[in-house]
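Engineer: One structure follows; several queries about it will come next.
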Amino acid sequence: MDELRWTLLILGALIVAGVYGYSRLQDWRKDGTPWKRSSQRREPFANEAEPDLSGPDPLLDDPEDNDIVGPARVVSATEEPESVVPAGEPEISATDDASVEATESEPEVAGDQVAHSAGGDKVVVLTVMAPKGTRFSAQDLVRVLQSSGLRLTEQGVLRRGLDTGQGTVALFTAANIVEPGTFDPDSLETATTPGIALIMQLPGPFDGLATFEQMLTTAQRTAEQLGGVVLDGRRCDLTTQSIEHIREELLEYRRRAHLASRRGA
């Protein structure tokens, strides 16, 4: 029994030694023998001369870097930093920036249909005209417009009002096309007119596009009941294309108004 145990121990030792010898032989085939590798083990940059630390810093003295990073200086807490303009880009002055802002805030105007001043006002005008050679009865006009929600004011114009916390404001106004643009309440039965102008002015405490739809509906209903025709602010045909153009202008006006309110906030 003892002889068998010793035999197994010797066989195990021989197996371990054989595995170790085989692994070392594979390493020698790959990397070479140890006495050859010792002469090759040298630290990197061993042949390079050590840099002179007493000399100037080559990074700070590089003329190309000076174009990017300028000399250091002390800036006081109250001093405004200088604006930096990247190379190759034109510098924009304050006046140029103001002109760009003005251009963005003023979309193109299609005739007199959507007009605005430098202050950002917009005016949308529709006209309802009687057939050529005829005139509307002022009394009939007032009656139809009042049925659409407009009210005759003391100034002689009809207005569609909106109640707000600051009082009643006009969504849009219907005025006589004939100077001075008013209707005399005392002579409505006998007065006539070739047409009326419906006017909406922005900005206001209401949505311009929704108000335009009301104004367009009022103009179409008036023309239908009195036998007239709806035209634009220049008294040209109000086509589907011109209506869509006005809507696009009002959507753009709404977008810019929202942007302006965010900047103000």
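Since every read-out is calculated from the coordinates, none of them should be taken as a lab result. Because the structure is a prediction, the values reported are computed rather than measured. A quick note on method: Cβ atoms are made from the backbone with ideal geometry, for glycine too, and the neighbour counts reach across all protein chains shown.
Engineer: How high is the FRET efficiency from GLN220 to THR168, r the C-beta distance, R0 25 Å, rounded to 0.05?
Structural biologist: For R0 = 25 Å, the calculated efficiency reads 0.50.
Engineer: Can you sort LYS122, LYS132 by how many other beta carbons sit within 10 Å, fewest first?
Structural biologist: Lowest to highest Cβ neighbour count: LYS132, LYS122.
Engineer: Can you put TYR20, TYR253 in order of Cβ neighbours within 10 angstrom, beginning with the fewest?
Structural biologist: Details: TYR20 10, TYR253 21.
Ascending Cβ contact count within 10 Å gives the list TYR20, TYR253.
Engineer: Here is a follow-up. Taking N as the number of residues in region 112-264, what value does Rg over Cα atoms divided by 2.2 N^0.38 Å take?
Structural biologist: Relative to the 2.2 N^0.38 Å estimate, region 112-264 comes out at 1.06.
Engineer: Tell me, in nm to one decimal, what length is gained between TYR22 and ASP207 on full extension, where the rule is 0.36 nm per residue of separation less the Cα-Cα distance?
Structural biologist: 57.7 nm
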